[in-house]
Structures are given as C-alpha cells and as structure tokens.
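A.B. asks: Structure provided below as structure tokens; questions to follow.
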Amino acid sequence: NAGVTQTPKFQVLKTGQSMTLQCAQDMNHEYMSWYRQDPGMGLRLIHYSVGAGITDQGEVPNGYNVSRSTTEDFPLRLLSAAPSQTSVYFCASSPFSGETQYFGPGTRLLVL
Amino acid sequence: QQQVKQSPQSLIVQKGGISIINCAYENTAFDYFPWYQQFPGKGPALLIAIRPDVSEKKEGRFTISFNKSAKQFSLHIMDSQPGDSATYFCAASRNTGNQFYFGTGTSLTVIP
C-alpha cells in the first residue's frame, strides 16, 4: 500500500492563479481531511469528508473548495491564490470517524 | 479560539532525561486524544493516543497521562534519545464528524 499520497510536493503560484492539490489513498478509508500547517499555529482543518459525495467545512475553509467523487481521491482547489495561502498542506485519511489519521507527505505552497 | 492549548513551544532535554509536553482542552465532548510526531519535511505520524476512560497509557518509552477533571493531558518521553528530536502535536476529536483540533506543537531537541 502506498498509503496517502500528495502531489505536487512543491508549488509556486502567483497571486490570483488557481490550482488543485491532489490527495489519494489506497486504504479504502471513508474519512479524509485537509489541513494547513503554519509556523506557531499547528495544523488547522480546512475541509473534511466523511465519505464519497459528502464534504464539510473545517476551521479555515475560506478560499478553498473540495469535492469527493470517489473514496480514494480528495482534491483541494484554490480558486484565486493569495499570499496568505502560503503554507504546507497535509491530507489525511482515517478508517473511523475521530480516530487514527494517516497523513500524506505534504505539499509546500508558495504564493507570490 | 484555540480548542487545544499546548506547552511548551520548545524543549531541550539531555539524552536519557524525561521530556514532558502538556496540553489542555475546553470541549468536554472530546473523546479521543492522540499525540503525533513530525520530523522535518514529513507528515505527522501517530505516536500514541488515549480515551478519557483511562488515566494513563504507556507504549514503550512513551506515556500519556490524562486528567479528565482538569481537562489536561500530557506526553512523557522516558529515557529521551537524540532520535526523538522532532515536533510533537497533541490533538483532540469527537467520534462524530471527524474534526480534529491540534495544539500548536512542541519542538523537542534531545542533546547527546
């Protein structure tokens, strides 16, 4: 099993550009989440999903969209990137609600 | 509003010493309290977790102490080793909705 994979590993965007961060898991987990990690702020939940077709907002959802068309994939979309979205983004999956999460390796995003 | 407060922000311990990291939470509905370990450039990985029906859980050199009445829990690393040098995050969640709240992290350095 590859576990949780994320692409790209690193991305530079200009303000106003859009992009999609990819996340995939091969563990058949129902629950998936997106976090951003900023210095001194820990990990903050952006959006999460409790199954295919079901998503909901976390603590910091503004500026991000998600969809969950399959169990395996959970892409995160930035519609119009802003410098405040410069961060490291982590995707995670879990077999059960509110229990062990398995994190991907992260995507480092720089918005100029 | 920080749902989970973590201290200290950084910690330096001699090899063989005990590392102690503390967390406090407000929401009494939380029922799962994990600790994650993160090495530079990697995603967080589950280290150990506890539920509020027990006051202590030990796995090897790692112990969680849980005080339900005080709404506090802590991670103890016995016989700390240089390989334990990493950032540690506490977190809390409920078993419904899959929303996790993380502390701000503790950077641990173990000096040989």
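A.B. asks: Can you give the net charge of the other residues whose Cβ lies under 13 Å from the Cβ of A:Arg108, counting K and R as +1 and D and E as -1?
C.D. replies: Every neighbour counted, the sum reads +2.
A.B. asks: Let me see the pair-distance distribution of the range B:22-79: every alpha carbon pair, 10 Å bin width, integer percents in order.
C.D. replies: 22, 52, 24, 3
A.B. asks: Report, in whole Å, the centroid distance computed from the Cα atoms of the range B:55-74 and the range A:23-64.
C.D. replies: Centre-to-centre distance over Cα atoms comes out at 27 Å.
A.B. asks: Report, in debye and to the nearest 20, how large the dipole of the range A:35-112 comes out about its Cα centre when Lys and Arg carry +1 and Asp and Glu carry -1 on their Cβ.
C.D. replies: 220
A.B. asks: Shifting gears a bit: Ballpark to the nearest 100 Å², how much total accessible area do B and A bury together, probe 1.4 Å?
C.D. replies: 1800
A.B. asks: Also: Work out the FRET efficiency for A:Arg108 and B:Ser65 from their Cβ-Cβ distance, taking R0 = 41 Å, and round it to the nearest 0.05.
C.D. replies: Working from the Cβ atoms, E equals 0.75.
A.B. asks: How many times 2.2 N^0.38 Å is the alpha carbon radius of gyration of the range A:1-40?
C.D. replies: For the range A:1-40, the normalised Cα radius of gyration comes out at 1.46.
A.B. asks: Please compute the Kirkwood hydrodynamic radius over the range B:8-112, one decimal place, Å, based on all pairs of different Cα atoms.
C.D. replies: By the Kirkwood definition, the hydrodynamic radius is 14.0 Å.
A.B. asks: Hey, another quick one. For the range A:89-96, what does the Karplus curve 6.51 cos²θ - 1.76 cosθ + 1.60, with θ = phi - 60°, yield as ³J(HN,Hα) per residue in whole Hz, taken in order and with x for Gly and Pro?
C.D. replies: So the J values, rounded to whole Hz, are 10, 10, 9, 9, 9, 8, x, 9.
A.B. asks: Sticking with this one: Do any residues of the range B:75-107 show a loss of at least 20 square angstrom of accessible area between the isolated chain and the full protein assembly, using a 1.4 Å probe, and if so which?
C.D. replies: Residues losing area: B:Phe89, B:Asn95, B:Gly97, B:Asn98, B:Gln99, B:Phe100, B:Tyr101, B:Phe102, B:Thr104.
A.B. asks: Over chain A, what is the relative contact order in percent, taking alpha-carbon pairs closer than 8 angstrom and at least six residues apart?
C.D. replies: 36
A.B. asks: Within chain B, what whole-number % of the accessible surface is contributed by carbon and sulfur, with the 1.4 Å probe and all protein chains included in the calculation?
C.D. replies: Values: 2580 of 5360 Å².
Carbon and sulfur: 48 percent of the exposed surface of chain B.
A.B. asks: How many times 2.2 N^0.38 Å is the alpha carbon radius of gyration of the range B:8-54?
C.D. replies: 1.41
A.B. asks: I'd like the per residue volume of the convex hull spanned by the Cα atoms of the protein assembly as shown, given in cubic angstrom. If you can, show how the numbers build up before the last one.
C.D. replies: On the way: hull volume 26.7 nm³, N = 224.
Per-residue hull volume (Cα only) is 119 Å³.
A.B. asks: About its Cα centre, what dipole magnitude does the protein assembly as shown give when the only charges are +1 on Lys and Arg Cβ and -1 on Asp and Glu Cβ, stated in debye to the nearest 20?
C.D. replies: The dipole magnitude comes to about 460 debye.
A.B. asks: Ok, one more. A 28 angstrom limit on the alpha carbon distance is what I want to check against. Which of B:Lys15/B:Lys68; B:Lys42/B:Lys71; A:Lys9/B:Lys68; B:Lys5/B:Lys57; B:Lys42/B:Lys68; B:Lys15/B:Lys58 exceed it?
C.D. replies: Beyond 28 Å: B:Lys15/B:Lys68; B:Lys42/B:Lys71; A:Lys9/B:Lys68; B:Lys42/B:Lys68.
A.B. asks: Using only the Cα atoms of the range A:1-76, each taken as one equal point scatterer with no solvent, compute I(q) by the Debye sum, divide by I(0), and report log10 of the ratio at q = 0.16, 0.19 Å⁻¹.
C.D. replies: -0.62, -0.86
A.B. asks: Counting pairs of alpha carbon atoms under 8 Å apart in space and at least six apart in sequence, what relative contact order in percent does the range B:11-112 give?
C.D. replies: So the answer I get is 36 percent.
The values are calculated or read from the model by the stated rules, or taken from the named source; none is laboratory data. Small disclaimer: the values here were computed from a predicted structure and weren't measured. So basically every Cβ, Gly included, is an ideal-geometry build from the backbone, and we count neighbours across all protein chains shown. Protein only, heavy atoms only, side chains kept; ligands, DNA and RNA dropped before computing areas. Shrake-Rupley method; radii C 1.70, N 1.55, O 1.52, S 1.80 Å.
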